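Participant: A single structure is presented below for examination.
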Amino acid sequence: MSDKLKGGLNRRLFVGAGLAGLAGSALPALAQDDAPTGPVRNNVSSFRMLKWQDYFDNTRKGAILVDITSRALHFWSEDQSIYRLYPTSVPLSDDLTRKGRTEVVQKVVGPVWRPTPSMKERNPDWPDEVAGGAPDNPLGTHALYLSWTYYRIHGTHDTRKIGRRSSNGCVGLYNEHIQELFGYAQVGTQVLLI
């Protein structure tokens, strides 16, 4: 491994590159120093690659699976040529967690954030609105709105949240990952939260 990688590898970049590169069956070359030969079933973060057939009848308009337990989002394109696996933030508690089937109903670049009535009740000092594109906007740079009221798959500027139970119900991704997913997903993409 090069001195640059040993000394200053950005973990987020490393994990993101590894996860984004999972379209094939092997890890990216960067992570293969000690990897066995042949197909690799897990990436460097121990996320499991899953098969869409175990969760969906088809991949029409693409399919998104959010695994709350492993804090991972899986995406399969309609023709199944693209598979991506992203680390996520998930809801803080079970009472904020919604599971089941929904779909993407809107795609928004630079979404405006407004707290839900229950969030405002718990946090009365929060602003009524944060403009899209603002550095303190909890929705980050892009958002996929789901058919469930108030639920989104969105980016975050607070990267410490990824991999944690840290949201008020939404699923958060690194901004660079939501930008990629935003390009793949479409209105009508099916979503399953388990």
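FYI, it's all coordinate maths here, none of it is from the lab. Since the model is a prediction, treat every value here as computed from it, not as a measurement.
Participant: Whole Å is fine, so just give me how far the alpha carbon centre of region 164-194 lies from that of region 101-129.
Facilitator: Region 164-194 and region 101-129 have Cα centres separated by 15 Å.
Participant: Have a look at the DSSP beta bridges in region 69-194 and tell me what percent are antiparallel, nearest 5.
Facilitator: 75 percent
Participant: Taking H as built 1.01 Å from N, whose amide H comes closer than 5 Å to the amide H of H142, not counting residues under 5 places away?
Facilitator: Sorted by chain and number, the residues that satisfy this are G110, G155.
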